[in-house]
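Novice: Here it is: the structure, laid out below.
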Amino acid sequence: MNKVTIDILLTNNIHICATAEAASIKVARVIADEIIKKRSLGQQLVLGLATGNTPKMVYQELVRMHREEGLSFQNVISFNLDEYYPLKETHPLSYHSFMNQHLFDHIDIAQSNIHLPYGEWDVARLGDYCKAYDQKIKQHGGIDLQLLGIGRNGHIGFNAPGSAFDSCTRLIDLHSTTRADAAADFEGLEKVPLQAVTMGIQSITQAKKIILLALGSRKADIIQKALREEVSAQIPATFLRTLPQVTYILDKEAAELIAEPLG
Ligand code: F6R
């Protein structure tokens, strides 16, 4: 991968990179630096992870760093944002499968340090499992670094429009836009699960550092809204603007409605 990241710092916390690859490498570097910093202190890094198209190149670069630069994930504890519900862990489109395929199968993270909401949790005890998930994050001292993508409706995790700022991990109905975006992967809208378990806005915003990564012109409209429109539950990503610990890393296509294009 090209290691040169040409970026413009628009404000303290919005970085626009020339390409999706450069933006992804930048995010991977931040994650790697946090892992290394914690290891030098003899500590573990609690890392919040996302799925979807956006982080794929980030994970590819982290795997490369593991293979070629000896980056170790032995001091990483991971918590994923969400999982379709109900969906078998072994389903090829489960987020468990996604994470194994794109990251976990290729690095040295301990299996016992990996956490994801579970698409097979018993529905009768779902509320307890969701509470326990948030509790487990707290027991580990909270999330040190959370990686986020953004949905075209402004969702973070699967927190659809209308999600409250103080929402915790819970079962949520998937928004029609979200299901439509997943239809091609599932080979038909009717095969896309109707629900998901997602970390809540509160679970996400308590992270000590948050990186929102957005790539491609499909995200330009929602990035413009997330950064410029009134903060409200109608666009959950606007909540991030109220927090000092958020960094936005965008490629120039995703940033095309908020900045002059790079020359
Ligand atoms: C995935 C997640 C979602 C995605 C968002 C963007 O774990 O929490 O919020 O980040 O739907 O998806 P992509 O990256 O596929 O455009």
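Novice: Using the beta-carbon distance between Q195 and E68 and R0 = 41 Å, what value does 1/(1 + (r/R0)^6) give for FRET efficiency, to the nearest 0.05?
Specialist: 0.55
Novice: Moving to a separate point now. Could you please report the charge total around H106, scoring K, R as +1 and D, E as -1 over all other residues with beta-carbon less than 11 angstrom from its beta-carbon?
Specialist: 0
Novice: How big is the shadow of the Cα convex hull of the chain, averaged over all directions, in nm²?
Specialist: The orientation-averaged projected area of the Cα hull of the chain comes to 13.5 nm².
Novice: Peptides 249-258, 91-100: what's the order by average Cβ count within 10 Å, highest mean first?
Specialist: 249-258, 91-100
Novice: So how much slack lies between D122 and D108, counting 0.36 nm per residue of separation and subtracting their Cα-Cα distance, in nm?
Specialist: Contour length minus the Cα-Cα distance gives 2.0 nm.
Novice: Here's a follow-up. Given a 1.4 angstrom probe, what's the average accessible area per residue across the chain, in square angstrom?
Specialist: 45 Å²
Novice: Sticking with this structure for a sec: Could you check the spin-label model distance between S40 and S217? Points 7 Å from the Cα along Cα→Cβ, value in nm.
Specialist: Label-label distance for S40 and S217, simple model: 4.3 nm.
Novice: For every other residue with a beta carbon closer than 14 angstrom to the beta carbon of G162, add +1 if it is Lys or Arg and -1 if Asp or Glu, then tell me the sum.
Specialist: Residues close to G162 contribute a combined charge of -1.
Novice: Another one. Are any of the pairs K26/K209; K131/K191; K191/K219 more than 21 Å apart by Cα-Cα distance, and if so, which?
Specialist: Violating the 21 Å limit, Cα to Cα: K131/K191; K191/K219.
Novice: Could you sort 51-61, 25-35, 160-170 so that the peptide with the highest average Cβ count within 10 Å comes first and the rest follow in order?
Specialist: Going from most to least packed, we get 51-61, 25-35, 160-170.
Novice: Given the Cα-Cα distance of R29 and K131 and 0.36 nm per residue of separation, how much length would full extension add, in nm?
Specialist: 33.5 nm
Novice: Still on this structure, I have one more. With the radius of gyration and the Kirkwood radius both derived from the Cα set of the range 176-254, what is their ratio Rg to Rh?
Specialist: Here the Rg-to-Rh quotient is 1.01.
Novice: For A164 and S232, calculate 0.36 nm times their separation in residues minus their Cα-Cα distance, and state this gained length in nm to one decimal.
Specialist: Length difference between fully extended and current span is 23.6 nm.
Novice: Calculate the FRET efficiency for K208 and L93 from the Cβ-Cβ distance with a Förster distance of 30 Å, rounded to the nearest 0.05.
Specialist: Efficiency, from the Cβ-Cβ distance: 0.45.
Novice: Follow-up question, since we're still on this one. On a straight-distance basis, which aspartates and glutamates could pair with K37 in a cross-link, Cα separation under 18 angstrom, same-chain partners fewer than 8 positions away excluded?
Specialist: Leaving aside aspartates and glutamates fewer than 8 places away in the same chain, those within reach of K37 are E69, D108, D144.
The values are calculated or read from the model by the stated rules, or taken from the named source; none is laboratory data. As the structure is a computational prediction, the values presented were derived from the model and not from experiment. As a convention, Cβ positions derive from the backbone with ideal geometry for all residues, glycine included, and neighbour counts pool all protein chains shown. Just so you know, the surface numbers come from the protein's heavy atoms only, side chains and all, with ligands and any DNA or RNA stripped out. Shrake-Rupley method; radii C 1.70, N 1.55, O 1.52, S 1.80 Å.
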